[in-house]
Amino acid sequence: MNTDDRIFTNDHCTGCNRCITACTVPEANIAVLENDKNKIYVDGTKCINCAMCIKACPHGARDYNDDTTLFFDRLAQGKEISLIVAPAIRSNFLDYEKLLGLFRKLGVKNIYDTSFGADICTWAYLTYIQQNNATGMVSQPCPAVVNYIEKHEPELIPKLAPLHSPAMCCAVYMKKYKKIPGEYAFLSPCIAKKDEFTDKNTGNLVQYNVTYQKLVEELKRRGLDYKSCAPSGFDNDKHELGCLYPMPGGLKVNVLKAVPNAWVYQVEGQPEVKHFLNSYDKVPASQQPLLVDILNCPYGCNMGTGALCTDEDGMQASRAMYEAEQACANQLAVPEKKALFKKQQQHIPQQNTNLKLGDFIRHYDKNKAVGEIPVTPQDIEAAYASLHKTTEADRHIDCCSCGFTTCREMALALAKGINHPGNCVEYHKSILRNRQQEIGDMLEKQNQMSAVLSENVGTIIDSISQSSTQADQTVQQVSIINEEIDGVQEIAGKMQNTVDLLRNQINEYVKLGSQIVSISLQTKLLSMNASIEASHAGDLGKGFSVVATEMKRLSDQSAESANQILNSNNNVLPVLDEATSFSEDLNAKTQTISSNTQTILEAVQQISQSEQGIVETASRLQNDSAPSSN
């Protein structure tokens, strides 16, 4: 943000371009992109400080500099400063005498009413016209008009009245004729007055331009309340109708008072002022008026660029001017009050003989002319191309959204490097149209890809459906296997029970065989004892001996049979142990198989459920990816 220029852009700028639309000099605005946002800055070398942009901006994004703060600082430091007060103070401060009282209290000793200087200014105009037989002069009390001519219409400088403004006439009078020392400050309704005071051709007589708007802000900031101060007046001689200068045609009224039949052409407000000046040099001298009374502001200085009054305060300003005019009329009616003007035969009033016209002459600087930035037809064509304006229809949309009246003006600004394509709405529309075409092409490609995707998804669905069917069959088969394994487990359990029963029975046989062997041994012992006893009995014992022999034979046979049974049982038991181990292994394996088949069954069921979810998702995807009909 550059605040060095008289008028500058602050941080409130939204890039709405209204300042460009309102500006008297379009080249005074430079539109740039900052952080992808449009912002319009002021080129102080081109700006004439007409402040039309300040008035037009709805965001308060344009502000201006003056000398108000510096003036109060210097006054507080004890600097000797005299005040020159613009006549518009009557309409902007209805109790302005109290305001003057505050300045007296702050140390200001001399306070002059510019109305007095305006009377001198009128005298100077009419005297110069009479002495030089001049016609067609453009008045110069308005510094914004002077700025425009010097910077942008330098060929009109010869027509610009070579005389000081009322404020400068007052300053010259105070310094040269009244010998008032110190610095001068102008209490002002105009931002551009500072340009006049700093011009090398005005002698640096006025050091401070204190505008009404900034004055009120500064008083508030410093806690100064002028309404409580005692009223005070001016120190200058009485004035005539110079107090009417702030109103439209104020100079005209003063001239016609002295020269009733004079033709004074009146122009106020932008862009009328600009249009008039752009064509005035083409008007033949024989068709030009005696004088052009021209003001930048449409309602005059009462509602100037630095004034408090706005367009809505027209009646207030008119009443203030009316009362000032009536006060002058009453004053001049008093015999002892001498008029400033004395009519001559030529109806050209002459000022008091102690005033010299040469003291109120000023000059202008042709070197201030800036001219337009040069561009070639090729530059303009390139600008149109960058705006995507290739046809005559494109180049005559003239929507004004860029701030310019025509597309050509925008192309010129672009060619001059003071604007950018992004500030053109139609440029963005063309980009959007291109984007729409690109999006349409992308949608077409997407539809084609969607068709392929839909087809592929259909294939996926079919494959997954087949896989799901196979999974269902697998589930059924695994279920059957699981059931059969359950049957095998049941048979293995029964076999285990049978083997255990058989083992128990064989163990019983082993016990019986062992008992038989034991009994045969005992029988054999008995037979041996019987044989011994029979031998002792001799012949009597022969029969008993036969029985003993037979018992021994039966005992041996029983022992042999029992031993065979034991041997057979001993051979059978390992086989039963092996059968038991096999049965246990079979049972364990069938349990493992059963557990595994259950796991497989659950996994297949989960796969089946997942595949079903995939099928549903794929079906939705197929529907969503169906080519669009639009």
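The values are calculated or read from the model by the stated rules, or taken from the named source; none is laboratory data. Remember, predicted model here, so these are calculated numbers, not experimental data. Counting neighbours? That spans all protein chains shown, and the Cβs are built from the backbone with ideal geometry, glycine included. Please note that ligands, DNA and RNA were not included when accessible areas were found on the heavy atoms of the full protein model with its side chains. Shrake-Rupley method; radii C 1.70, N 1.55, O 1.52, S 1.80 Å.
Structure notes:
- Helix 377-386 vs. the chain, principal-axis angle (Cα, 0 to 90°, nearest 10): 30
- Pairwise FRET efficiency - Thr310 versus Ala230, Cβ, R0 = 35 Å, nearest 0.05: 0.75
- Using the Cβ of Phe186 as centre and a radius below 13 Å, the other residues enclosed give a net charge of -3, where K and R count +1 and D and E count -1.
- Of Tyr41, Tyr112, the order by accessible heavy-atom surface (1.4 Å probe, DNA, RNA and ligands excluded), from most exposed downward, is Tyr41, Tyr112.
- Using a Förster distance of 41 Å, the FRET efficiency for Lys429-Ala327 (Cβ separation, nearest 0.05): 0.10
- Only helices enter the 222 nm calculation for the chain: every DSSP H run of n ≥ 4 contributes -39,500 (n - 2.57), and dividing by all residues gives -18500 deg cm²/dmol, rounded to 500.
- Cβ-defined net charge surrounding Ala385, 15 Å radius [Lys, Arg +1; Asp, Glu -1]: -2
- By accessible area, using a 1.4 Å probe on protein heavy atoms only, the chain has 53% of its surface on carbon and sulfur.
- The residues of the chain present an accessible area of 52 Å² per residue when probed at 1.4 Å with all protein chains retained.
- Linear extension gain, Lys200 paired with Asp365, 0.36 nm per residue minus alpha-carbon span: 58.5 nm
- Exposed loop sites were defined as GluC sites (Glu not before Pro) in DSSP loop states (anything but H, G, I, E or B) carrying at most 12 other C-beta atoms within 10 Å; in the chain the longest segment without such a site runs 1-335.
- Gained length - Gln605 relative to Glu372, 0.36 nm times residue gap less alpha-carbon distance: 75.4 nm
- Residues whose amide H falls under 5 Å from that of Arg362, counting only those 5 or more places apart or on a different chain, are Leu163, His164, with hydrogens built in the peptide plane.
- Leu526-Asn623 pseudo-label distance in nm [points 7 Å out on the Cα-to-Cβ vector]: 10.1
- Counted charge near Cys53, where neighbours are those whose Cβ lies closer than 11 Å (Asp, Glu -1; Lys, Arg +1): +2
- Relative contact order of the stretch 1-139, pairs being alpha-carbon contacts under 8 Å that are 6 or more residues apart, as %: 20
- At R0 = 22 Å, FRET efficiency that the Cβ-Cβ distance of Glu183 and Leu357 yields, to 0.05: 0.25
- Here the label points at Lys445 and Gln77, each 7 Å from Cα along the C-beta direction, are separated by 7.0 nm in the simple model.
- The string of couplings for the stretch 299-306 from the Karplus curve (6.51, -1.76, 1.60, θ = phi - 60°) is 10, x, 6, 4, 10, x, 5, x Hz, one whole number per residue in order, with x for Gly and Pro.
- Solvent-accessible surface (1.4 Å probe) assigned to Thr459 amounts to roughly 80 Å².
- Summary value for the chain: 14 percent relative contact order, contacts being C-alpha pairs under 8 angstrom separated by 6+ residues.
- Beyond 18 Å, the tail of the calculated P(r) for the stretch 128-257 holds 65 percent of the Cα pairs.
- Span from the the stretch 153-187 Cα centroid across to the the stretch 255-304 one, whole angstrom: 20
- Met442, Met410, Met528, reordered so the largest accessible area comes first (probe 1.4 Å): Met442, Met528, Met410
- Between Glu97 and Ser318, the modelled labels are 2.6 nm apart [label points 7 Å from Cα along Cα→Cβ].
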